[in-house]
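Structure first, commentary second.
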Amino acid sequence: MRLIQNMTTIAEYPASEYSGPNRAIKIAVIGGSGVGKTALVVRFLTKRFIGDYERNAGNLYSREVQVDGEQVTIQVQDTPGAQMTDNGTGLLDHVTCSIQWADAVVLVYSVTDRSSFDLIDQLHQLVVRSSGASMPPVILLANKADLLHLRRVDSQQGLILAGNLGCSFYEVSASEDYNQVHGAFHRLCCQLAKQPPPASSSPPTSASGVTEKRRSLLIPRPKSPNMQDLKRRFKQALSAKVRTVTSV
């Protein structure tokens, strides 16, 4: 599925020109191992594509931007890959915590990996169970659309699945097309920005008597990678490519 390109842009907002806290838009990205979750997140926030990443330990990426004229802070939680097991879905606890933390969820699979596609339904069920009465917006993102010779899931199957789940569907290539990736995340951010900020009411109390606010404080804060480090790794990747060409 092609994305319409005539959309307003998400622009960087110089933090020094504004005072006061920004509104935060929190997005959790979940999917199987090796589907390109980190590449999609970094592509969206920095426009860069880096082919190789260390094993995902659950990083939190944050950036101040403008969404249709409003200054916001976008926080994207890149979760470790889920796996199919005999007993169901193998997930780390903080993946579930990330879903509970998020304002919206991006479900990701790779068109070259059928098992990652089959995993989506279970992940969506996890989102439903973890969200309680307040179901967050969800989009389905199919990555690696450029690898035509390795494709194992066609576009129509993704579209049908998204229809069954009741969410929007985008098929993209993190490595080849920034506009596709940006478009998918941008529309989700615009949808969230139009919603009123959460009311500052008393936090709900669980059956055990512990408030949800207190429980959230017990969740370890995910590591937040430095943008300068990402830039350094991007330069290293370019240098490696230059050395390879030179040696040939």
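The values are calculated or read from the model by the stated rules, or taken from the named source; none is laboratory data. Everything numeric in this text was worked out from a predicted model, so none of it was measured. Neighbour counts run over all protein chains shown; Cβ positions are idealised from the backbone, glycine included. Accessible surface is based on the protein model in full, side chains and every heavy atom, while ligands, DNA and RNA are left aside. Shrake-Rupley method; radii C 1.70, N 1.55, O 1.52, S 1.80 Å.
Report the residue count in the stretch 177-194 for those that are open to solvent by less than 60 Å² (accessible area, probe 1.4 Å) and over 22 Å from residue 62 (Cβ atoms).
Count: 2.
Hey, among the residues in the stretch 49-67 that are at pLDDT 75 or above and among the aliphatic types (A, V, I, L, M), which one's surrounded by the most Cβ atoms within 10 Å (Cβ to Cβ)?
Going through the stretch 49-67, the residues at pLDDT 75 or above turn out to be 49-50, 59-67.
If we keep only those that are among the aliphatic types (A, V, I, L, M) as well, we get 50, 60, 65, 67.
Details: 50: 18, 60: 19, 65: 19, 67: 22.
Selected residue: 67.
Quick one: which residue in 167, 189 is more than 14 Å from residue 108 (Cα to Cα), among the hydrophobic types (A, V, I, L, M, F, W, C) and touching a residue at least 40 places away in the same chain (Cβ under 8 Å)?
189
Assess whether residue 174 counts as being within 14 Å of the chain's Cα centre (by Cα), hydrophobic (A, V, I, L, M, F, W, C), part of a loop (DSSP other than H, G, I, E, B) and surrounded by 14 or more Cβ atoms within 10 Å (Cβ to Cβ).
So residue 174 passes the test.
Quickly run through the stretch 127-142 and pick out the residues that are more than 12 Å from residue 104 (Cβ to Cβ), surrounded by fewer than 20 Cβ atoms within 10 Å (Cβ to Cβ) and not charged (D, E, K, R).
Correct list: 128, 130, 132, 133.
Could you grab the pairs with beta carbons closer than 6 Å, sequence gap of 6+ or different chains, first residue in the stretch 95-122 and closer than 17 Å to residue 149 by Cα and of a type in the set (Asp, Glu), second one part of a helix (DSSP H, G or I) and open to solvent by less than 40 Å² (accessible area, probe 1.4 Å)?
Short answer, once both residue conditions are applied: none.
Restricting attention to the stretch 72-90, which residues are modelled with pLDDT of 85 or more and open to solvent by less than 40 Å² (accessible area, probe 1.4 Å)?
Step one: of the stretch 72-90, the residues modelled with pLDDT of 85 or more are 72-79.
Across the stretch 72-90, the qualifying residues are 72, 73, 74, 76, 77, 78, 79.
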